[in-house]
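The values are calculated or read from the model by the stated rules, or taken from the named source; none is laboratory data. Predicted, not measured: the structure shown is a model, and the values here were computed from it. Here the Cβ is made from the backbone with ideal geometry for all residues, glycine too, and neighbour counts use every protein chain on show. Side chains are part of the model used for accessible areas, which takes the heavy atoms of the whole protein and leaves out ligands, DNA and RNA. Shrake-Rupley method; radii C 1.70, N 1.55, O 1.52, S 1.80 Å.
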Amino acid sequence: MCGIACTMFAPSADTAQRKNGAAVFTANLKANEARGKDASGVLLLRKDGSYLIEKAPVRATEFVEHKGYQKIIDGVDNDCVLLLGHTRRPTKGTVTNTNNNHPIVRGGTIGVHNGTISNDDEIFNHHLQAGTDSRIGSVDSEAIFALIDETPYQRTLTRHSETLSELSQLLLGSYTTLYTQPVDPYRLYLLKYNNPISVHYSPQHRSLFFSSRYVFLRKAFGRAVITECLPSRFGYIFDARLLVRRKKTPLLSFPLAQQSDILA
């Protein structure tokens with residue numbers, strides 16, 4: 001069990017809204033410490049595709065006091081598109097190896113994962129062109145982002161979502177993952193298969209907030225938050241450029257499946 005915290009900023013959000021949204025992100029990350037106390041990490045992504053990542057094998061309440069984390073939060077400005085954070089309770093892969101901690105960078109894909117993938121070794125051995133030698137860590141989560149990174153980006157979102165649906169059939173286990181590809185920094189992908197995540201759009205911040213802890217969002221934003229508002233076993237694509245108009249409604253949704261679902 002791990003925790004995910006995320007804030008996506010609409011391009012029209014002003015500096016004050018972004019700074020306030022970053023403060024909510026920090027509180028969100030600390031709240032998710034209850035789901036994982038062994039390591040913490042954060043990604044800041046800018047609209048030009050550049051990014052900063054900070055990770056440490058410490059609990060979130062300690063992590064947010066680090067100079068590296070403060071530098072990232074202080075760097076939230078009008079070019080910032082996304083803050084993506086993770087609190088880790090490891091099931092595979094030691095936290096002393098930074099590559100096992102999240103956010104995980106795999107080529108042009110950066111993501112966080114809550115859950116367990118039981119066939120990650122098989123994926124590296126049999127389903128990746130790069131093979132086992134390309135593995136940068138030992139955490140099972142890396143298999144998700146390695147598969148995604150080797151998946152050709154389709155020119156249309158509909159076709160790309162179909163490709164991701166097909167890819168999901170290779171994964172065995174439970175997972176919720178948020179990932180981004182800095183080559184297309186305004187887009188955020190959520191794959192949700194039987195693990196919790198809640199989402200809320202705040203007009204006050206012109207930002208979209210994700211959390212593995214529904215209770216945090218409820219306390220932060222009140223009754224406007226709806227628990228489990230995104231059905232499980234679906235993938236979702238969000239676009240920061242459309243937040244003000246679409247709010248928490250994703251740009252596109254598509255089904256996820258495992259072989260056991262197909263054979264049932």
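Pulled fully out, how much extra length does the chain show between Ser134 and Ala257, if you take 0.36 nm times their separation in residues and subtract their Cα-Cα distance?
Stretched out fully, the Ser134 to Ala257 stretch lengthens by 41.7 nm.
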Share of carbon and sulfur in the accessible heavy-atom surface of the range 54-121 [1.4 Å probe, %]: 46
Cβ-defined net charge surrounding Ser40, 12 Å radius [Lys, Arg +1; Asp, Glu -1]: +2
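Can you give the local net charge around Thr109? Use residues other than it whose beta-carbon is closer than 13 angstrom to its beta-carbon, Lys and Arg +1, Asp and Glu -1. Before the final figure, lay out each step's value.
On the way: positive: Arg106, Arg187; negative: Glu142, Asp149, Glu150, Asp184.
Around Thr109, the surrounding residues sum to -2.
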Extension length gain for His126 and Gln204 (0.36 nm per residue less Cα distance), in nm, is 23.3 nm
Let's test the formula: R0 of 22 Å, r as the Cβ-Cβ distance of Glu62 and Thr91. What FRET efficiency results, to the nearest 0.05? 0.50
For the chain, what does the helix formula give at 222 nm: sum of -39500 (n - 2.57) over DSSP H segments with n ≥ 4, over the residue count, nearest 500 deg cm²/dmol? -7000 deg cm²/dmol
Multiply the residue separation of Met1 and Ala16 by 0.36 nm, subtract the distance between their alpha-carbon atoms, and state the gained length in nm to one decimal. 2.0 nm
Charge dipole of the chain about the Cα centre (unit charges at C-beta), most positive-ward option of Asn194, Pro182, Ala23: Ala23
Would you mind computing, in nm to one decimal, how far apart the modelled labels at Ser165 and Asp48 are, each placed 7 Å from Cα along Cα→Cβ? 3.9
Which GluC sites (Glu not before Pro) from the range 116-178 combine a DSSP loop assignment with at most 16 other Cβ atoms within 10 Å? Glu150
Net charge near Asp74: determine it from the other residues with C-beta under 13 Å of the C-beta of Asp74, scoring Lys and Arg +1 and Asp and Glu -1. +2
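Explain nothing, just the number: dipole magnitude of the chain about its Cα centre with +1 on each Lys and Arg Cβ and -1 on each Asp and Glu Cβ, in debye rounded to the nearest 20. It would help to have the intermediate numbers written out before the result.
On the way: 31 positive and 24 negative charges, 238 e Å.
Taking the Cα centre of the chain as origin, the dipole is about 1140 debye.
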